[in-house]
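Structure first, then comments.
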Amino acid sequence: MSGKNVTEVVPAGPEGIAKAARILESGGLVAVPTETVYGLAARADSDEAVARIYAAKGRPDFNPLIVHVTGLAQAEAYAEFSSEARALAQAYWPGPLTLVLPRRTDAALAEAVTAGLPTIALRAPAHPAMRALLGAVDFPLAAPSANRSGFISPTCADHVLASLDGRIDMVLDGGATMAGLESTIVAVRADGSVEELRPGPLQIASRAAGGAIEAPGQLASHYAPGKPVRLGVTLADKDEFMIGFGPVVGDVTLSAHGDLDEAAARLYACLHEAARAHHPRIAVAPVPEEGVGRAINDRLRRAAA
Ligand code: TXA
Ligand code: MG
């Protein structure tokens, strides 16, 4: 940050985007809306700027960042694209898909972005404000979710302030995000096979075999609301804040009519509300393990761990 401890919230219009671009050019930190969750952006080609992301989040330095680009043309400067990888980018970008690919040896990026790995995570986001911002600068943006490490991911500007107020320069406020869950991450291996490292809004690959932690950030405990979470509950105890789904009613509901896309979009807002509530514990209704329900249950298990 540029020596101040006030975090400005600026609407994501043309002026806000121009201001965000100036802050990023000078190495500052801006929380930006994407179609998944808010990201904490810094220029990915600057060691100092990238170091500020790790410091503001309290993120362990072994956990690499996603590099956000305008599209395939820019991405090809940073990673080796096999024909399989190129086909995935063409099919799903811009959108909530992150590709883990071999990092090009001549990639002009901060070393800390990839935390010493030979691979790099790349994504072309679809959110209009983020796309306008990426178009306004001439460098890619490193951006993890805009929350303190281990805490619930942010789907609106208030969520960002809840954990990063005073630690970053600006929030570009584009309202609530649409998908509400972080991007699907897949690695494209040398043999062309595709391995899912993190379930997300897009269902495109089968689960990785085995239980190894493939994406270093996929630790068991994550998205933690700071109090115990009980899953698969149909009847809450008196001291539990209940998050409902479908026929199971609660203090709030993921989706009263059992719609999984709506549940994904509302998951983090419900967890933020549960974290703020006076109840010492949280209960969550069962969510079916189908479609985006897999990603919702993945996040819920980590919130409960
Ligand atoms: O939707 C999203 O993906 C959001 C928005 C802001 O784009 N970003 C996001 O970033 O969720 P983050 O840092 O919270 O999660 C990125 C994940 C981490 O689990 C990290 O370990 C993994 O991506 N990752 C990054 N680079 C990797 C690599 N080279 N190999 C394997 N995993 C990687
Ligand atoms: Mg995160």
Positive-pole candidate from Val252, Thr119, His279, dipole of the chain, charges at beta carbon: His279
Sparse-neighbour loop sites [trypsin sites (Lys or Arg not before Pro); the range 1-81; at most 11 other C-beta within 10 Å; DSSP]: Lys4
Extension gain Ala190-Asp47, at 0.36 nm per residue separation less the Cα-Cα distance, in nm? 48.6 nm
Could you compute the FRET efficiency for Arg86 and Arg301, with r as their C-beta to C-beta distance and R0 at 41 Å, rounded to 0.05? 0.80
Could you give the size of the charge dipole of the chain about its Cα centre, using +1 on the Cβ of each K and R and -1 on the Cβ of each D and E, expressed in debye and rounded to the nearest 20? 500 debye
Fraction of accessible area attributable to carbon and sulfur, the chain (%, probe 1.4 Å): 53 percent
What is the gain in length, in nm to one decimal, between Thr105 and Arg148 on full extension, counting 0.36 nm per residue of separation less the C-alpha to C-alpha distance? 12.4 nm
Using alpha-carbon positions, the gyration tensor of the chain gives root eigenvalues a ≥ b ≥ c; with a/c under 1.5 called rounded, otherwise prolate if a/b exceeds b/c, else oblate, the class is oblate
Sum of -39500 (n - 2.57) over DSSP H runs of 4+, divided by residues of the chain (222 nm, nearest 500): -8000 deg cm²/dmol
Once you mark the GluC sites (Glu not before Pro) that are in a DSSP loop and have at most 12 other Cβ atoms within 10 Å, what is the longest gap between them in the chain? 1-288
In Å², and per residue, what accessible area does the chain have when probed at 1.4 Å with the other protein chains present? 40 Å²
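The values are calculated or read from the model by the stated rules, or taken from the named source; none is laboratory data. Predicted model only: the values in this text are computed from it and were never measured. Here Cβ is always computed from backbone atoms with ideal geometry, including for glycine, and neighbour counts include all displayed protein chains. These accessible areas exclude ligands, DNA and RNA; they are computed on the full protein's heavy atoms, side chains included. Shrake-Rupley method; radii C 1.70, N 1.55, O 1.52, S 1.80 Å.
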